[in-house]
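Step one of this worksheet: look at the structure below.
The values are calculated or read from the model by the stated rules, or taken from the named source; none is laboratory data. Remember, it's a predicted structure, so these values are computed and weren't measured experimentally. What goes into the accessible areas is simple: the full protein's heavy atoms, side chains included, and nothing from ligands, DNA or RNA. Shrake-Rupley method; radii C 1.70, N 1.55, O 1.52, S 1.80 Å.
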Amino acid sequence: VQDYLSQMRVYAFAQSMLQILGLIPRVILEILLVTFLCIYAVNNIDQVLDQFFLLGASLFRLIPNLQVISQNYARLSFGSVVVKLTLSRLRIKTNDHKSLYEEIESKNKLAEIINKNSNKVKFEFENKTIEKISLPNHGNVLIRGESGVGKTTLIDQLIGINAPTNYLIKKTKSFSLEDIFFVPQVISLSSGTYKENLSLLINHEINEKSIKSIFEDLRIIHLYERLIVNNEKIGSSIEFSGISGGELKRIFLSFCFLSKRKIIILDEIFSGIDNQSSEIICKIFNSLRNTKLILIVAHEKFKSLEVDYEFTLRKDL
């Protein structure tokens, strides 16, 4: 949140100052014109009425520019108040949620999700009902379930988006937000360049050689020139067209892999993309399963995915 806030402050200040600076020459000229007319009117009092309409027209042109300057000043002065208030609420929410998780010590697992008796969902592993889901230090872990069973709810409560009301969740110190990269079901990108989006998600420098390598692995190298060399904007269908849903998800996954975080959590990553994109994504997940925990939430298992642990959520009727 702090990195995002810092980037947005820089962006908002730059945009506002760009508009203000662009108007300064025009404002100065029009102020000089009005000043000249006023001096002329004082020295030629008999001709004031003749120049009155010209003076009025000059003031009419000057007022909108002053309004734009005052609006941008207001954005800088008062817009930060809303952001600070939102940030404080997020901190309160995060701190409140932290107290609801139990910390454990373990060398073999990162977290445990324990089902509550009051919850109307049951866990299954190898066709047997179990009380808890244990997340290992590394490997491909699949959590399956039909629509509406509560897969996304489980993930939101696991990573702290919502308080863990349905489950008792125990975590080790290694299962921290700083080590998690979450890929939501609906991909959303800021209307900026690839590198601008990358800087919002990752707080360390990434060289173009690393980006190119990831693009090659994800089979989106054909987008490298547009995104990296030409710095075309993404996040806008008007500015960045001719891209499929699968390519968009692979672009977002490139952020994920460049982050080098140890835990990757993905919500319905295979939904709405073609088989080719799914095959490419599975191949990369399979290559990382010995070094990272990759937790995938999906309706069904994709055949190319090498799963180490598969859990199923079912409604407990």
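Here are some notes:
- Kirkwood-type radius of the range 208-317, with distances r between different C-alpha atoms, in Å: 15.3 Å
- Considering only the range 169-317, percent of DSSP beta bridges that pair antiparallel, nearest 5: 20 percent
- Backbone geometry of the range 302-316 corresponds, through the Karplus equation with coefficients 6.51, -1.76 and 1.60 at θ = phi - 60°, to 3J(HN,Hα) couplings of 8, 4, 7, 7, 7, 8, 8, 9, 10, 10, 10, 9, 10, 5, 9 Hz, x marking Gly and Pro.
- Under 5 Å from the amide H of F123 lie the amide H atoms of I130, each residue being 5 or more positions distant or on a separate chain, with H modelled from the backbone and absent for Pro and chain starts.
- Gap separating the Cα centres of the range 131-197 and the range 198-225, nearest whole Å: 23 Å
- Shape analysis of the range 276-315 places it in the oblate category; the axes a ≥ b ≥ c from the Cα gyration tensor give an a/c of at least 1.5, with a/b not above b/c.
- ³J(HN,Hα) computed for each position of the range 177-190 - Karplus, 6.51 cos²θ - 1.76 cosθ + 1.60, integer Hz, glycine/proline x: 4, 5, 9, 10, 10, 9, 10, x, 5, 9, 7, 10, 10, 6
- Per-atom-type breakdown for the range 138-230 gives carbon and sulfur 47% of the accessible area (1.4 Å probe, protein chains only).
- Vicinal HN-Hα couplings computed from phi for the range 158-169 (Karplus, 6.51 cos²θ - 1.76 cosθ + 1.60; Hz; Gly/Pro x): 5, 8, x, 5, 10, 5, x, 8, 8, 9, 9, 10
- Whole-percent carbon and sulfur share, accessible surface of the range 263-312, 1.4 Å: 44 percent
- The amide H of L110, built 1.01 Å from its N in the peptide plane, has L135, N137 as neighbours under 5 Å, considering only residues 5 or more places off or on other chains.
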